[in-house]
Each structure stands twice: as structure tokens, then as C-alpha cells.
């Protein structure tokens, strides 16, 4: 059993990192969005191996909708919606590679070199029950704050994207934005 | 459960139930169109499948081939994953894990991904429109779907499907939470894109995401879609109708009867109710089903207290 | 499987996310980089909960907060992308030159 979960852990880990890289390598925007989702699913799998079953599944559940929206936004807002043509759109590429590698090395060094207390989850604990009690018990205020923040964000997002102004449709009579590139 | 036994069990369940769905579909079609001779309902699905298996496959210009193939395979795989969380009889389950109902919900919400990939892969207009429709239907149906499903866990005080069935020993959830089952069935139609909500690959889009496929690809796509319908019906039976609980008959038979009853209801709706329009579906999801599902959560929570 | 291995994997996810967020021009691709960084963060949080806190549920609570942050980032990000496209017809960061000094 331990061997199986070890193998699964390494499979999911490699899958998470490789699919994460593929997001920025692939030429198709729908593929990019769903590679990212594959990365999330792999991390969800790791969370399930770590006994955080509920969190892993919720992560997978959330990402299905979010990545679908992302794929559609990619198709809507990219200048080249055909999607299977080369699509490398990068700037400050070398700096970014150095920054990414630097972040990885620094964080991995912290993970490998720092001393963390070795206190695993004791057997017999049901993490889902624990989480539920915590969310609606001692930490209810934090949970509620997250809920209120989400509500505020929802209102803000609707205000940002809504076309309807105070006196009806805001863009009445105006033109839709064209797909042509505007002059720099 | 032994992994090999589990694979065989899920495989057998899927094959038998998909065949039954096809038979019911043909029988209902015969009944509704005033025809006679139900005997052909048993053979018609097989001949249809054979015809599709022999048909020539069409291809489009520069498809996203991997995504196109992955769509149907993922859809069928998700149906299998969803079925693993459901106990078919006392003790007969593949993975009745503590968060089983969340596993089911996660698998079903990924249906969106499978359908969008399938529509995107064809590199053609109608399939892409079908993919957009699936995203719209899935996003407006997803929250009420998850809410009514998770509400059934409140009386059970557990997210495991086995515990949810066990909690319905005295009274089924369909009586305890009368709002739950109708909302669940409507959203289930959306996620299996069946009947009045057959929008992503409906006839009004010339087949939508399946407009550009034929032959074995179409056969696999239809089988996967039917197995999603079956897994939704099975969860409906387990979460609202007491699953394998029931007098006289053995548990597994009750489970089959209830699952196929719900599946037949959804199939029947496809032959009797006109296809809904996109606007009304999105409006229904956000302005009717979502508040109603919230009422369901609050009322059953209050009753459990 | 150990805490160290988990932290290295989460560092790798974070590093890839940093690379993506800094290098991409398209707004949506930048958001993908941010999401990938949060993905690494969630893995690290749950890893610490699993290996280092003795099953204290507050570790899981932190992961829920990260999930909420992810949802907030996505909602505001998509709204800004839609708005900036509508107002400035911009879909890549180079087009927003007004933000330059």
C-alpha cells in the first residue's frame, strides 16, 4: 500500500510539473487551459494521497469550471483565434527563465535545508470532519470573511463587465470593438 | 475491493446499462410515435451500433486530433469514475470513500471539459458552438447541481454515498427534501445533455459537437453520453430514492429498478418535451434553480437541527 | 514520499508559475501563471499540514483560504480582461502603455 501511494505520488508530481510547463509551451490556447487543469488534477491527486480527500476533490471540482472559462476567454480575446497556429507571445524571456529557476532553487533549498517539525497526521483522524468542525467552529470568522470577500468580488466583477450603465445599455449606438490591431 | 474485480464490475454495469438505455430510448420512441412492436426495441440498438461500426469515418481539415479523440474517451472515463462512488448493493462498491459524493460531483463537472475538448478538436464551426453551449449550460447548472447533491449529505452527516443511503432507512430523501430530486433531474439533463437540454450536440446545431464525426467515433460518443446518463440516474437513485433499500426484492434489483426508472424518465422527457432555448436554460439555472437549491439547503439544514 | 519531496514539487510548480507570469504577454496566459503559483502554494500548505502540524485542522483551513484567493483572482482577472479589451482594445500587456512612466 505504501509502495503504491509512493509510485502514485511520483507519477502525479511529474505530471503536475510537466503539464504546468506545457501550459506555456503549447501552441493552442484551449490546450494551454486544459494542460493547466491537468496540473491541478494531478495536485488534487497528491492531496488525496495525503489524506486531504475533500480538499483534493474540491480543487478538481473548482478547476473544471474555471479552466473552461479560461479556455473560452482565450478563444474570445486572443488575436489569433484559429488556435492551432504558432502562438509564442513572450517578452523578457531570459529574465523570466532566470526568475522562475531562481524561485524554484530558493524554495526547494528552503524545503530541503530547513528543519521542520516531524509531526504527521495521527491515525484515526478524519480530516474531512476536522475541517468541517474547524470551518464552522473556531475559525468561522475566517471562513465568513472569505465568503464576504468573494461576494464583494462578485459585485465588483459584475460592475466591471456590465455593459448596462445608469440610463440603459452603456454602449448603445456605439460600435463593437473591432478585431483589428489598433495603431501603437 | 480487488482492482480487477472492480474494473470488471464497472465495465459490466456500464455495458448492460448503456444497452438498456438504448432499448428504453427505442421503446419510448416507438410508443410516443404511436408505433407498435416493442420486440424491435431489443434489437434496434444492436443494428444501429453495427451500422455505425461499419460506417466510414469523416475527418475535418487540420483538427486538434488529440483533443478530438480525448473528448469521448474522457467522457466515458468520467462516467466510470462517477459510478465507482456509488454502492450498487450493501457492501458492493468500488470506492465508497468518505468524500464519495464530492468525487461524483467532481467527475460530473469535468464533463464540461470533455465536451468542450470534443467540440474544439473538430476545428469546425458547429462543434465549437456546441462546446460554448456546454460551457454555458454546465456553468449555470453546476452550482444548483452540487448544492442539491451535497444537501443529501446533511441528514446522513457524512459525505460517503454509502452513509447517505443508510440514512434513508426510515424515509427516503425524496420525501425529506422534495425540492431536491426535481432540481437534480433538470441539472442532470444538462450534464448528460439529454432530452430538452440536448443543446451541445442538438439537432438545431446540426449535431453540435458531434456534427463532424461519424462511424465508430460517433458510436463511442453516444455510448459515453449514455453512460453519463446512467451514472447520473444511479446517483439520483442512491441519493434521493434510497438506493438499494426496499422491501421484498434483493438490494441490487432495487438499485437497477430505481436507476432505470430515473433514466427512463429522463429519456421520456427527450421525446415529449421540446428542446429548450439557450437563453431560457441559462436564465433558469441562475434565477430559478440556484435560489431554489439554496432554499433546499437551508430547509433541510434547519430540519436536521 | 516525504515532506521534502512534496516541498520540492511545490517549489517546481511555483517556479514554472513565476516564469509564466513574467514571460507571457497575453493577459489570460499571465493569469495562468498566477494560478500555477497558487497551485504550488496549495500543495505546500497541505504538505505542511500532513507532515508537520500533527493533523491540526487549521492547516486545511489555510488551504481553503488559498482556494478562495484563487477564485477571487480568477473573477477579478476575467473581469479586468473583459473590461480592458472593451475600453482599450488591448489583449496583451504591451498595449497598455499608459501605465508606463
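If you line up the long axis of helix B:180-191 against the longest principal axis of chain B, both from Cα atoms, how many degrees apart are they, to the nearest 10?
Once rounded, the angle reads 20 degrees.
Using only Cα atoms, find the angle between the long axis of helix B:251-272 and the longest principal axis of chain B, and express it within 0 to 90 degrees, rounded to the nearest 10.
Helix B:251-272 and the main axis of chain B meet at about 50 degrees.
Arrange the following residues from fewest to most other Cβ atoms within 10 Å of their Cβ: B:286, B:254.
B:286, B:254
For the range B:176-305, compute the orientation-averaged projected area of the C-alpha convex hull (one quarter of its surface), in nm².
Projected area, direction-averaged: 9.6 nm².
Expressed as a whole percent, how much of the Cα-Cα distance distribution for the range B:128-195 exceeds 21 Å?
So the pairs more than 21 Å apart make up 33 percent of the total in the range B:128-195.
Once each part is reduced to its C-alpha centroid, what is the distance from the range B:147-186 to the range A:100-129 in angstrom?
If you average the Cα positions of each part, the centres end up 38 Å apart.
If every alpha-carbon in the range A:1-80 counts as one equal scatterer, what log10 I(q)/I(0) does Debye give at q = 0.20 1/Å?
-0.84
Can you tell me the relative contact order of the range B:43-104? Whole percent, Cα pairs under 8 Å, sequence separation 6 or more.
Across the range B:43-104, relative contact order equals 20 percent.
Quick one: compute the contact order of chain B, relative version, from alpha carbon pairs under 8 angstrom and 6+ residues apart, as a percent.
25
How large is the helix-only mean residue ellipticity at 222 nm for chain C, computed as the sum of -39500 (n - 2.57) over DSSP H runs with n ≥ 4, divided by its residue count, in deg cm²/dmol to the nearest 500?
When only DSSP H runs of four or more count, the value is -28000 deg cm²/dmol.
Report, to the nearest 10°, how far helix B:125-151 tilts away from the longest principal axis of the Cα atoms in chain B, using its own Cα long axis and a range of 0 to 90°.
Between the helix axis and the principal axis of chain B, the angle is about 0 degrees.
Hull surface divided by four, with the convex hull built on the Cα atoms of the range B:47-191: how many nm²?
Value for the range B:47-191: 10.7 nm².
Over the protein assembly as shown, how many percent of alpha carbon pairs lie in each 10 Å bin up to the one with the longest distance?
In whole percents, the pair-distance histogram is 3, 16, 27, 27, 18, 8, 1, 0.
Once every DSSP H run of n ≥ 4 in chain B is given -39500 (n - 2.57) and the sum is divided by its residues, what mean residue ellipticity at 222 nm do you get, rounded to the nearest 500 deg cm²/dmol?
Per the formula, -22500 deg cm²/dmol.
Based on the alpha-carbon gyration tensor of the range B:3-304, what equivalent-ellipsoid semi-axes (square roots of 5 times the eigenvalues) come out, in whole Å, largest first?
30, 22, 19
If you take the C-alpha gyration tensor of the range C:3-99, multiply each eigenvalue by 5 and take the square root, what semi-axes do you get, largest first, in whole Å?
Semi-axes (√(5λ), whole Å): 33, 15, 6.
Quantify how strongly other chains surround peptide A:117-130 by giving the mean number of their Cβ atoms within 10 Å of each of its Cβ atoms.
Taking the mean over all residues of the peptide, I get 5.
Which semi-axes, in whole Å and largest first, does the equivalent ellipsoid of the range B:201-248 have when worked out from the alpha carbon gyration tensor as the square roots of 5 times its eigenvalues?
Output for the range B:201-248: semi-axes of 33, 12, 6 Å.
Ratio to report: Rg/Rh of the range B:1-88, with Cα atoms as the point set and Rh obtained by the Kirkwood method; give two decimals.
Using only Cα positions, Rg/Rh for the range B:1-88 is 1.07.
Distance from the Cα centre of the range B:87-136 to that of the range B:252-305, in angstrom?
With the range B:87-136 and the range B:252-305 each reduced to a Cα centre, they are spaced 17 Å.
Ratio of alpha-carbon Rg to the 2.2 N^0.38 Å globular estimate for the range A:127-168, to two decimals, please.
The reported ratio for this selection is 1.81.
FYI, it's all coordinate maths here, none of it is from the lab. Since this is a predicted model, take the numbers as computed values, not measurements. Don't worry about glycine lacking a Cβ; one is built from the backbone with ideal geometry, like all the others, and counts go over all protein chains shown.
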